[in-house]
Amino acid sequence: MAGGARGNPLCPGSLSLGQDRLLHVLQMVPELGVCDYPSREDLWVREGKILNPEKLFFEEKGSADVQLDCKDSIIAPGFIDVQINGGFGVDFSLATDDFKSGIDLVSQKILSHGVTSFCPTLVTSPSSVYHQVLPQISVRNGGAYGAGILGAHLEGPFISKEKKGAHPEHCLRTFEAGAFQDLLATYGSLDCVQIVTLAPEMRRSSEVIQELTKRGICVSLGHSVANLSQAEEAVQHGATFITHLFNAMLPFHHRDPGIVGLLTSDRIPAGRRVFYGMISDGIHTNPAALRIAHRAHPKGLVLVTDAMAGMGLAPGRHTLGQQVVEIDGLNTYIAGTNTLSGSVATMDTCVRHFQEATGCSVETALEAASLHPAQLLGIEHKKGTLNYDSDADFLMLNDSLYVQATYIAGEEVWRQDVSGM
């Protein structure tokens, strides 16, 4: 393997672990290095998993095949983006002949922004688009070829006309006589679906929420005019997420706070936590609103990019599903309107803005992009932490939270060019 003799230090950019090889990550910053385990200083990796070194030391009497000196870098779990519509010219809501190559391109490009797993997101589209696109999305582990795919996030079309935002009105749907069967007919298949965003005030939505939850699919509330009691009822039937809090929902009102009120509701079932997505790009959410949400319910905050095809490209006209959008800096609008569309922010940018806007600890900011989305999806036993036996998906960051290197299953998949830093 690259890296030389047993126990030799590893040269940056050369990490490739073979079967049963043992990686020892040295000199982690103790107070920042590991979410959930701030006292552990070193990280041991074998067969793509984070290893408990006690068995290695006391039973196997083993030592490292490769040592990686991280010097003063912060080591954090890889970021997880549960709402990303595309990027780098690729739109996940367009049924193109080269869709698979497009999703591969995005999964490779987002490695440089610290994303090691993601949910490709489709906005409201004609039924034919779902039938063509969803069979081409496969859940897969990440690697040198790109970030892992956790499953699709279907944002619409069962949403409110009044709060459609950038979603095309002619494609919106309601639950008719068939309820859940209507949803199945629209999407075609739920085999690769991880999250569905819907409006809980729609008739028969409770039935649909229960059916989706039975199938292990996360139900998110969004693009909605629901009042608080309707939102609470949806949570009681299984909903666990709020799509881009504050955006495309009724504004907070002191007599009926709407979906926003779920952050402090006393009608959440025991043992259940409601999570909420935040687009922390400095455009979609005012820093004061970001602070209010975080202070009200810090353990539920999940950073999302809501990035679209224009992420990583020059300003100009791009697509978001059936719509044409105009990009000017970080501002994105449906062409010819003042309606905000998706963002062009990257996940590492969102993490830095969140930390700066709220004044939270570095650990808290990192958890909002790693631990919390993993908990939302029920995969915290393998993603979003650096706990023993979890997947060795981790990042090296500098003190300003810029990504220096990205690792998936203990393999280096991206590293910042030193000459470009």
Name the single residue, out of those in segment 85-111 being part of a loop (DSSP other than H, G, I, E, B) and open to solvent by less than 10 Å² (accessible area, probe 1.4 Å), that is nearest to residue 195 (Cα to Cα).
85
Filter segment 41-66 for residues that are among the charged types (D, E, K, R) and surrounded by fewer than 16 Cβ atoms within 10 Å (Cβ to Cβ); which is modelled with the lowest pLDDT?
41
Keeping to segment 287-317, report how many residues are part of a helix (DSSP H, G or I) and open to solvent by less than 30 Å² (accessible area, probe 1.4 Å).
5
Out of 211, 207, which single residue is assigned to a helix (DSSP H, G or I), without any contact (Cβ under 8 Å) to a residue 60 or more places away in the chain, in contact with a His (Cβ under 9 Å, 6 or more places away or on another chain) and among the acidic types (Asp, Glu)?
207
How many residues of segment 112-131 are open to solvent by less than 30 Å² (accessible area, probe 1.4 Å), farther than 19 Å from residue 312 by Cβ and part of a loop (DSSP other than H, G, I, E, B)? The answer is 2
Inside segment 260-273, can you point out the residues that are of a type in the set (A, V, I, L, M) and either in contact with a Ser or Thr (Cβ under 6 Å, 6 or more places away or on another chain) or surrounded by fewer than 16 Cβ atoms within 10 Å (Cβ to Cβ) (or both)?
270
Inside segment 222-248, can you point out the residues that are part of a loop (DSSP other than H, G, I, E, B) and farther than 26 Å from residue 343 by Cβ?
227, 237, 238
Could you give me the residue pairs with C-beta distances under 6 Å whose first residue belongs to segment 192-204 and is under 19 Å from residue 164 (Cβ atoms) and β-branched (Val, Ile, Thr), whose second residue is modelled with pLDDT under 95 and in a loop (DSSP other than H, G, I, E, B) wherever it lies, and which are 6+ apart or on separate chains?
none
Would you say residue 178 is of a type in the set (Gly, Ala, Ser) and surrounded by 20 or more Cβ atoms within 10 Å (Cβ to Cβ)?
no
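The values are calculated or read from the model by the stated rules, or taken from the named source; none is laboratory data. Source: prediction; values computed, not measured. As a convention, Cβ positions derive from the backbone with ideal geometry for all residues, glycine included, and neighbour counts pool all protein chains shown. Ligands, DNA and RNA are excluded from the accessible area calculation, which covers all protein heavy atoms including side chains. Shrake-Rupley method; radii C 1.70, N 1.55, O 1.52, S 1.80 Å.
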